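Everything on this sheet refers to the single structure shown next.
The values are calculated or read from the model by the stated rules, or taken from the named source; none is laboratory data. Keep in mind the model is a prediction, meaning the values are calculated, not measured. Note that we place each Cβ from the backbone using ideal geometry, even for glycine, and neighbour counts take in every protein chain shown. Just the protein is used for accessible areas: all its heavy atoms, side chains included, with ligands, DNA and RNA removed. Shrake-Rupley method; radii C 1.70, N 1.55, O 1.52, S 1.80 Å.
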Amino acid sequence: MTEATTTGPRLLDPALYREVMGHYPTGVTVVTGTSPEGEPVGMVVGTFTAVSLDPPLVAFMPTTTSGTYGLMRDSAAYCINVLAHDQLDLCRLMAVPRPGKFDDVEWTRSPHGAPALHDAVAHIHCRPHDVITAGDHYIVLCEVEAMEVNRPVTPLLFFQGGYGGFSSRGMSAKGDAELIESVRLAEVARPAAERVARDLGCEAAVLVAANDHELTAAATAYGGNVEPLEPLGVRVPLMPPLGEAYVAWADESVVEAWLGRASSQEPGIVDKYRRRLDAVRSRGFAVSRQREEDRPRYTDLKDAMREYAAGALTPARERAVKSVIAASSPFFETIDIEDGETYDLGAIVVPVLGPDDRVALCLRASQLPSGASAATVRGWVSTLRTAADEVSAQLRSSGRDDYSAYLRSMPGDFMM
Ligand SMILES: Cc1cc2nc3c(=O)[nH]c(=O)nc-3n(C[C@H](O)[C@H](O)[C@H](O)COP(=O)(O)O)c2cc1C
């Protein structure tokens, strides 16, 4: 380890100061206020920070030479607008020293007095509290009067002189390059999915792993009068209770990783999911229910999955989506298909095994007619199983190259 030599502040090289500080990312805000003529004024500020909770103080640091800050210096109110990842154009517009910046911008004067920019992630309404001169900058301390999250999306970030976005290390979707082999593999199964959709009058999807923590619908087919609901390429997080049919026939390491993503790591809950995998394995398919009384929660799950698929989840939204997924656990409860009963099913999923007897992909039937008898459900399962066996046979013969390419495209520690 090397120890940096300390030099007096006066000797510091400005380029070094900028370079080192550039390694620390900031958010991007637009601080707005009002000119003495009553016109809206605003400037881009990266030096915004929380200061105190009691009293509630925040601060930003304009340069002492900033003409824009000079214009709003006597403002009675400021609004700190936290910019979203998709507001780079607005940022560029607000970072130049010119009048009329608000002409092409959507904003509203807030009840607190300063312009609030539409579509900003958050608005912090404040009034000046104190201004401290600190070298070539001012520290403008402001007292917060009100604040709100306006649009809970990921923020715009500034780092080493460039703009970027936040990506969670948890559930965020990865790039599309790794999808190519998965899509190729799914093509092998497409004719089987089309037959299932036609025979059952349902939606059929070919689910493949997009990476080590997500499945994706890489091919879909529709039978009967079923509406295409699920766009191709939509990602499904591999976390309990989702993806059982896939995980049940995967390697132990995949099973453990899946269990590790359960919302609760209480032994009772983890055991429950482990038992469900056993049940899925012993009967050969996974099934989810969609009873009338479950509908509101099922709608919540669909919305959460849509939000997940849209990407750019903030950590807070990620936690919310995870909790909705966890709350959907009852839909996937192990059930026995018994004579005399009728069933409203959300989906039936069967694995397709590769030449190595590990799961290569899954076939899923959804949008199934409700009120199905036990015999009908058994018929559906058998149609799916036959289709899966056919795809398996193909993967052992003509589709073998596609499967090998697909395995090679997957991360080394994700052996399926
Ligand atoms: C990402 C980013 C962060 C910025 N942060 C600050 C800041 O913290 N303080 C500041 O005085 N100017 C900052 N600026 C520059 C001002 O936005 C810009 O100089 C101002 O809006 C227009 O110039 P003027 O202040 O000379 O009128 C930043 C610019 C960008 C692009």
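When segment 46-67 is limited to residues that are assigned to a strand (DSSP E or B) and touching a residue at least 24 places away in the same chain (Cβ under 8 Å), the one that is farthest from ALA146 (Cα to Cα) turns out to be THR63. Anything in segment 207-223 that is polar (S, T, N, Q) and within 9 Å of GLY233 (Cα to Cα)? List them, or say none. Across segment 207-223, the qualifying residue is only THR216. Is it the case, given these coordinates, that ALA189 is in the same structural domain as LEU363 (by TED's automatic domain parsing), assigned to a helix (DSSP H, G or I) and over 26 Å from the mean Cα position of the chain (by Cα)? Considered against the rule, which asks whether it is in the same structural domain as LEU363 (by TED's automatic domain parsing), assigned to a helix (DSSP H, G or I) and over 26 Å from the mean Cα position of the chain (by Cα), ALA189 comes out as yes.
Please find, within segment 100-127, the residue that is nearest to GLY27 (Cα to Cα) out of those that are touching a strand residue (DSSP E or B) at 6+ places or on another chain (Cβ under 9 Å), open to solvent by 50 Å² or more (accessible area, probe 1.4 Å) and of a type outside the set (Ser, Thr, Tyr). Filtering first and then ranking leaves ASP119.
Does LEU156 fit the bill of being under 16 Å from THR26 (Cβ atoms), touching a helix residue (DSSP H, G or I) at 6+ places or on another chain (Cβ under 8 Å) and surrounded by 16 or more Cβ atoms within 10 Å (Cβ to Cβ)? Considered against the rule, which asks whether it is under 16 Å from THR26 (Cβ atoms), touching a helix residue (DSSP H, G or I) at 6+ places or on another chain (Cβ under 8 Å) and surrounded by 16 or more Cβ atoms within 10 Å (Cβ to Cβ), LEU156 comes out as yes.
If you go through segment 320-336 and keep only what is of a type outside the set (Gly, Ala, Ser) and either within 12 Å of TYR308 (Cβ to Cβ) or touching a strand residue (DSSP E or B) at 6+ places or on another chain (Cβ under 7 Å) (or both), you end up with VAL321, LYS322, VAL324, ILE325, PHE331, PHE332, ILE335. Please verify whether VAL30 is out of contact with any Cys (no Cβ under 7 Å at 6 or more places or on another chain) and more than 10 Å from the ligand (Cβ to nearest atom), treating the condition exactly as stated. So VAL30 does not fit the description; no. The residue of segment 203-253 that is farthest from GLN367 (Cα to Cα), among those that are in contact with a strand residue (DSSP E or B) (Cβ under 9 Å, 6 or more places away or on another chain) and of a type in the set (Ser, Thr, Tyr), is TYR246. Criterion applied to ALA316, ALA309 was being touching a strand residue (DSSP E or B) at 6+ places or on another chain (Cβ under 6 Å) and more than 24 Å from ARG276 (Cα to Cα), and the one residue passing it is ALA309.
Could you grab me the full set of residues in segment 162-173 that are closer than 29 Å to CYS126 by Cα and modelled with pLDDT under 90? Across segment 162-173, the qualifying residues are GLY165, PHE166. Note on segment 66-78: residues that are more than 14 Å from the ligand (Cβ to nearest atom) and surrounded by fewer than 14 Cβ atoms within 10 Å (Cβ to Cβ) total 2. For residues in segment 79-97 being of a type outside the set (A, V, I, L, M) and more than 8 Å from the ligand (Cβ to nearest atom), which is most open to solvent (accessible area, probe 1.4 Å)? Among residues in segment 79-97 that are of a type outside the set (A, V, I, L, M) and more than 8 Å from the ligand (Cβ to nearest atom), the one most open to solvent (accessible area, probe 1.4 Å) is ASP89.
If the condition is being more than 6 Å from the ligand (Cβ to nearest atom) and not hydrophobic (A, V, I, L, M, F, W, C), then segment 43-65 contributes THR49, SER52, ASP54, PRO55, PRO56, THR64, THR65. Evaluation of TRP258 against the conditions (1) in contact with a strand residue (DSSP E or B) (Cβ under 9 Å, 6 or more places away or on another chain); (2) of a type in the set (Phe, Trp, Tyr); (3) more than 25 Å from TRP380 (Cα to Cα) shows that the sole unmet condition is (1).
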